[in-house]
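Working notes, structure below.
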Amino acid sequence: MRGAPDLRRHGSDRAEALVGASHRPGPPDIGNGIRGDVVRLTGKGIRAARWGTGAVLVLGSLAGCGSGDGKASADAGGTPTAAAGPTNGPGDYRPPTDLCPKLDFGPLTAAVAPTAEPPKGQQTGSDPATAGGAACLQSFRTAGTKADGRSIVYCTAWKDVAVAIKQYEYRLSSAPKEAQAPVVQEPGLGRGAFRYENVKDAAPFRNDLRLFVRDSNLECEVQVQSLSVLTDQQVTAAWPAMVETVRALLPKLRS
């Protein structure tokens with residue numbers, strides 16, 4: 001599994017898109033001179049700016065990508081819903097400390113592939129005064145007996161609702177720059193939700209599906225990533241399974 005293919009070496013269209021992708025602006029200041037990516041990109045092994053190159057390392061590590069620029073984009077497929085509901089106060093969520101026991105990967109297992117091993121979790125966030133959260137990784141196998149894909153759920157409780165809205169809008173504005181196709185809004189999930197297939201820095205994964213949700217001061221992200229190409233049927237089934245996963249999780253995380 002360590003010999004995962006580097007898509008750029010094979011000259012694929014997706015690889016060319018990755019190599020040619022422009023670097024987006026930095027994230028917004030979330031107070032006291034702290035930028036949103038500082039919380040996401042620092043701390044013990046969380047939110048690495050780029051994926052590792054070895055498949056075993058990649059599939060087994062809770063790492064992710066940075067995020068957007070803080071302004072809603074008209075290209076994102078509709079008016080952002082992030083500001084719906086109360087926009088002040090600390091919010092309804094405290095930082096989650098252990099996601100895995102609260103998560104049901106059953107819908108994703110049925111939609112994409114069987115699980116390969118027990119899920120792995122860890123806490124995230126480097127500045128408890130600004131945000132804190134947790135992540136859970138579930139590996140899966142689309143073919144054979146070895147893991148060749150994974151689903152990761154990240155949830156972060158920001159210090160207040162206003163900061164969570166700013167982060168959500170930042171991600172929403174960044175998504176069209178990363179997406180293979182138009183960004184799709186998911187109405188009725190939290191206070192705002194959207195999804196897309198990522199192609200920016202996605203290697204070595206052949207598919208990188210992402211769902212972002214904001215509810216009160218909580219931000220959750222679900223990723224489904226595969227080293228093997230998923231079928232159209234698997235991708236189509238994965239989207240509602242990702243939505244169902246978060247919808248079932250949110251009530252378990254409310255303070």
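The values are calculated or read from the model by the stated rules, or taken from the named source; none is laboratory data. Please read all numbers here as calculations on a predicted model, not as lab measurements. All Cβ positions, even for glycine, are placed from backbone atoms using ideal geometry, and neighbour counts span all protein chains on display. Each accessible area value is taken on the protein alone, full model and side chains, heavy atoms only, with ligands, DNA and RNA left out. Shrake-Rupley method; radii C 1.70, N 1.55, O 1.52, S 1.80 Å.
What to note about this one:
- Matching option when the condition is at pLDDT below 95 and under 25 Å from Lys120 (Cα atoms), among Ala237, Ala241, Ala203: Ala203
- Residue within the range 109-122 that is more than 26 Å from Val229 (Cα to Cα), over 18 Å from the mean Cα position of the chain (by Cα) and open to solvent by 40 Å² or more (accessible area, probe 1.4 Å) present: no
- Of residues in the range 146-156 being of a type outside the set (Gly, Ala, Ser) and more than 20 Å from Val213 (Cβ to Cβ), the one surrounded by the fewest Cβ atoms within 10 Å (Cβ to Cβ): Lys146
- The number of residues in the range 157-188 being open to solvent by 50 Å² or more (accessible area, probe 1.4 Å), polar (S, T, N, Q) and under 22 Å from Glu244 (Cα atoms) comes to 0.
- Residue in the range 237-247 that is open to solvent by 50 Å² or more (accessible area, probe 1.4 Å) and among the acidic types (Asp, Glu) present: yes
- Any chance Gly106 is open to solvent by 40 Å² or more (accessible area, probe 1.4 Å) and free of Cβ contacts under 8 Å to residues at least 12 places away in the same chain: no
- Ala143 part of a loop (DSSP other than H, G, I, E, B) and either within 17 Å of the chain's Cα centre (by Cα) or loosely packed, with under 13 Cβ neighbours inside 10 Å (or both): yes
- With respect to the stated conditions, Leu253 fails to be open to solvent by 10 Å² or more (accessible area, probe 1.4 Å) and more than 14 Å from Tyr154 (Cα to Cα).
- Qualifying residue in the range 200-207 (condition: touching a Leu at 6+ places or on another chain (Cβ under 8 Å), open to solvent by less than 20 Å² (accessible area, probe 1.4 Å) and within 24 Å of Asp92 (Cα to Cα)): no
- Annotation note: Cβ proximity below 8 Å between a residue of the range 222-242 that is free of Cβ contacts under 8 Å to residues at least 40 places away in the same chain and a residue that is surrounded by fewer than 19 Cβ atoms within 10 Å (Cβ to Cβ) (sequence gap 6+ or interchain) occurs for Val229/Arg206.
- Restricting the range 123-140 to residues that are out of contact with any Phe, Trp or Tyr (no Cβ under 9 Å at 6 or more places or on another chain) and part of a loop (DSSP other than H, G, I, E, B) leaves a set whose member that is surrounded by the most Cβ atoms within 10 Å (Cβ to Cβ) is Gly125.
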